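Report on the following structure.
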Amino acid sequence: MYCKKVKTKSGQVRWECIEDGPANPITGKRNQIKRRGRTKSEAKQKVENEIAKQNLTRVDPKQVKGMTFDQLVDKWFEMYRVTKVKKNTIETRVEQIQTLNKKMAKMPIDKLTHLFYQGVMNDIFSEGASKNTLLGTQNCANMIFKFALKHNFMAENPAAGIIIPENPKTIEDLQKDSIGGKYWERDELNEFLDTVLECGLELDKERFFTLAFSGIRVGELNALMKSDLDFDNNLIRITKTMSGQNENMREYELGTTKNESARIIEMEQSIMDMLRELVRQNDEHKMKYRTLIDDYHDGDFVFARKNGYPYFRGDVNYRMKRILKKTNIKRHATSHIFRHTHVSMLTESGVDLPTIMERVGHNDPKTTLEIYTHVTKKMREKASEKIRGNFDDLLQKISFQNKNVTLM
């Protein structure tokens, strides 16, 4: 719903809200509902009331009689799954649908009220669901109910204006939400990588050094193939990402990158030398295991299991958690922190923002810009400190001159 402040002919300021209502039943043309109020909430409520009123007259009682929530979901999902949605997004929606169906699968949709649905969200929260899980489930339910409104199955959207329950934020939450909590400082990265070298298991060194010095996503790392590595020019080509139902290695799927575009990353010589050695070892493993393992999979993955199948995000995060337990790093982190840390590394190295965004494959500059701004501010502060430290004797001359002027 779009809302703005407007001036009336008498010069008074009012809030005006606009939202699409049910399409004209004869022409099918767009029908915008516009209402004004003294406050934003009043204007929004007027629009919602009018939409509900118009929807009510369009609901066909015969069509919805006996229809339950799970039946509505089936109708919506049949449409949703053939839209331009990635496989891993569909898998996420399936999980969210399962969560909703556990609470209201057999609920008749003509009995499904805002109050009942709020209770559903409260129950999911009380069972320990994270805020992100709640927001994702709410988003899924909202799409289902909007589908119902569009096809005249329901008169109102029970998910509209819902309150997402949440616990009071802890100190740890505040640290995670802060910009500084989104990436590791140099000493933290150094400690983690040192621990990887000392205590890491097979592939840990190659995984985490590559993530830290490339900024690629974990799914992109797991999808890397031998053909993506250009050792002559020290380049890595990013064209795909790894996903799979329940992270079953034999049911993996390769999809396009998050922003559906390919990119090429120039890498340091030492990282490419490390990956070259890994590829050499993979070739040896292939010669050894493809005759010993019945279902050996020759996928040519750079980060492959002994049987040739790829790894998933969960595997990498599990290994990362193991390493973190052996460090003094206290704040929570997943493998995604390497992307943000890489942005800070590039910023400190003097790389400009457009080049950083191109390298990490960010269409949305929000987080990248936040980190870039935060790091450059710290760099400016350090520059000022260095000036004071190196030229303090000259600055003292100003203090001495000011003191003499005061005495005179």
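The values are calculated or read from the model by the stated rules, or taken from the named source; none is laboratory data. Here the structure is a predicted model, which is why all the values come from computation and not from measurement. Counting neighbours? That spans all protein chains shown, and the Cβs are built from the backbone with ideal geometry, glycine included.
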Would you check if there is a residue in region 137-154 being of a type in the set (Ser, Thr, Tyr) and either in the same structural domain as residue 309 (by TED's automatic domain parsing) or modelled with pLDDT under 90 (or both)?
no
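Quick grid of which residues meet (1) among the hydrophobic types (A, V, I, L, M, F, W, C); (2) in contact (Cβ under 8 Å) with a residue 24 or more places away in the chain; (3) surrounded by 15 or more Cβ atoms within 10 Å (Cβ to Cβ); (4) not assigned by TED's automatic domain parsing to the domain that holds residue 243:
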site: 2; (1), (2), (3), (4): no, no, no, yes
site: 12; (1), (2), (3), (4): no, no, no, yes
site: 21; (1), (2), (3), (4): no, yes, yes, yes
site: 39; (1), (2), (3), (4): no, yes, no, yes
site: 43; (1), (2), (3), (4): yes, yes, yes, yes
site: 47; (1), (2), (3), (4): yes, yes, yes, yes
site: 53; (1), (2), (3), (4): no, no, no, yes
site: 105; (1), (2), (3), (4): yes, yes, no, yes
Sole exception among (1) in contact with a Phe, Trp or Tyr (Cβ under 7 Å, 6 or more places away or on another chain); (2) closer than 22 Å to residue 89 by Cα for residue 251, by number:
(1)
Of these, 10, 41, which one is of a type in the set (Ser, Thr, Tyr), over 30 Å from residue 253 (Cβ atoms) and in a helix (DSSP H, G or I)?
41
Kindly establish whether residue 202 is buried (at least 18 other Cβ atoms within 10 Å of the Cβ), of a type in the set (Asp, Glu) and either outside any helix (DSSP H, G or I) or under 24 Å from the mean Cα position of the chain (by Cα) (or both).
no
Among the candidates 257, 334, which residue alone is touching a Gly at 6+ places or on another chain (Cβ under 9 Å), in the same structural domain as residue 187 (by TED's automatic domain parsing) and under 25 Å from residue 89 (Cβ atoms)?
257
Against the definition (assigned by TED's automatic domain parsing to the domain that holds residue 337 and crowded, with 16+ Cβ neighbours inside 10 Å), how does residue 212 come out, yes or no?
yes
Restricting to region 1-38, and then to whatever is within 20 Å of residue 49 (Cβ to Cβ) and β-branched (Val, Ile, Thr), can you tell me which residue is modelled with the highest pLDDT?
18
Listed by range, helices (runs of 4 or more DSSP H) wholly within region 56-119 having at least 2 residues that are closer than 22 Å to residue 253 by Cα and among the acidic types (Asp, Glu) are 87-104
